[in-house]
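The values are calculated or read from the model by the stated rules, or taken from the named source; none is laboratory data. Given the structure is predicted, the values throughout are model-derived calculations rather than measurements. Every residue, glycine among them, receives a Cβ derived from its backbone with ideal geometry; neighbour counts consider all protein chains shown.
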Amino acid sequence: MENERYLKDLSEIKNMMSRSSKFISLSGLAGVFAGGYALMGAIIAMWLLEGNVSPFSLPDLSGSVNFLSSSIITSLVLIAIIVLVLAIGTAVYLTTRKAHKNEQQIWDTTSRRLIINFFAPLFAGGIFCLVLLQYGLIGLIAPSMLLFYGLALVHASKYTFGDLKSLGYAIVTLGLIATQFMEYGLYFWAVGFGIFHIIYGIWMYNKYDRNKA
Amino acid sequence: MENIISNINKAFDHRVRLGIMSVLMVNEFADFKTLKDLLGATDGNIASHTKALEKKGYIVVQKSFINRKPNTRYLTTVTGKKAFKKHLEALEKLLNTDIMLTGTDK
C-alpha cells in the first residue's frame, strides 16, 4: 500500500513539473483553421497578382518595387494582417475553450511565457520583412516569413507541446528552399502556412484532443 | 533496503510540499499565486508548507513589489535541488526493489 502511495507521488511530481512549465491547452484545431485562412489569403493574393508581371520574379534584386503598384502591395499587406488576426483570434478562442475543459487557467505563467517566446522572434521577423519591402527585396519576403515563423515555433516549443518543434523545423527548411525559388514565393508561403498547418493541426487534434473530447 | 528508506526525505512527505518542489525544480521561480493555482491549495496551506521548506533551507523566499503590490517569489536552493533529487531516486529505487521482491510488475 506504501508502494501505491509512492507511485502516486511520482506521477504527481511528473504532472506538476510538466503543468508548471508547459502550456498544454494549445488547440490542435486552431492549427487547421490557421492553415485554412492562410490558404484563402494566398488564393486571394494570387487573384490580385494575376495580370501583373509575376512580382516574385525580380530581374534585379536591388531594383525597386515600382513595377508592382503600391495599391497591390497595400492589399497584400492587408491580406497578411487579416490572415494573422483571424488565425490568432481563432487560436485564442479555441485554446480558451480547451483550457476551460481542462480546468486550467488561460492566462498564467506558462501561457505568458509561451506567448513572449513565440512573439519575440516573430516580431523581429515582421520588422525584417518590412525592411525587405522598404528596399524592394520582395522576392525574399515569403522565404523570410517562413524562416522567422519556423524559428519562432522552434523557440516556443519548449513551453508547450514538444511536437511544435517538428513543425518549426519543417517550416524553416521550407523557407530555406524557398530562397532558391523566389518566383514561387507565394506557393511556398501557401504550402508552409496553409498545408503544413492543416496537416499538423489534424495530427495534433488526433493525438491530444479527440480522445479527451 | 534500510539505506533506501533512510533516503526518503520526511520533509517532502506531503502532497503540497512535493508539488512545490516539483514546480520549483523546473522553473526559475514561482510566485505565491502560481503555486496556489497549480496545487489547488489554500493560502494558509501554501504559506505553512513553504515556510517548512524554507526552514529546512530547501527554498528561499524573495519578497518584492510589483506595481506597488507585494509579490512573493519562491526559488529552490542548491541544497533543496540535491535533496529532492535524492528523494526522487529513493522513491524510484523503492518501487523497483518492491517489483523485484514480489515479482509483480505494476
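Structure values in brief
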| item | result |
| --- | --- |
| Residues (out of contact with any helix residue (DSSP H, G or I) (no Cβ under 7 Å at 6 or more places or on another chain) and among the small types (G, A, S)) located in region A:125-147 | A:G126, A:G136 |
| Enumeration of residues in region B:62-89 that are touching a strand residue (DSSP E or B) at 6+ places or on another chain (Cβ under 6 Å) and surrounded by fewer than 16 Cβ atoms within 10 Å (Cβ to Cβ) | B:Q62, B:K63, B:S64, B:N71, B:L75 |
| Looking only at region A:40-55, and only at residues there that are within 17 Å of A:P143 (Cα to Cα) and within 22 Å of the chain's Cα centre (by Cα), the one that is modelled with the lowest pLDDT | A:M46 |
| Listing of helices (runs of 4 or more DSSP H) fully contained in region B:1-103 that carry 2 or more residues being within 12 Å of another protein chain (Cβ to nearest Cβ) and modelled with pLDDT of 85 or more | B:15-26, B:32-39, B:78-102 |
| Whichever residue in region A:17-43 is of a type in the set (A, V, I, L, M) and within 14 Å of another protein chain (Cβ to nearest Cβ) and, among such residues, is nearest to B:L18 (Cα to Cα) | A:M17 |
| Residue match in region B:32-49 (condition: crowded, with 19+ Cβ neighbours inside 10 Å and touching a strand residue (DSSP E or B) at 6+ places or on another chain (Cβ under 6 Å)) | no |
| Condition met for A:G150 (modelled with pLDDT under 95, within 26 Å of A:L137 (Cα to Cα) and either among the polar types (S, T, N, Q) or buried (at least 22 other Cβ atoms within 10 Å of the Cβ) (or both)) | no |
| Hey, A:F118 part of a helix (DSSP H, G or I) and surrounded by 15 or more Cβ atoms within 10 Å (Cβ to Cβ) or not | yes |
| Test: A:Y37 is modelled with pLDDT under 85, touching a helix residue (DSSP H, G or I) at 6+ places or on another chain (Cβ under 8 Å) and assigned to a helix (DSSP H, G or I) | no |
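To keep it simple, each residue is scored yes or no on (1) more than 13 Å from the chain's Cα centre (by Cα); (2) closer than 15 Å to A:G150 by Cα.
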| site | (1), (2) |
| --- | --- |
| A:I88 | no, no |
| A:A99 | yes, no |
| A:Q105 | yes, no |
| A:R113 | yes, no |
| A:F118 | no, yes |
| A:L122 | no, yes |
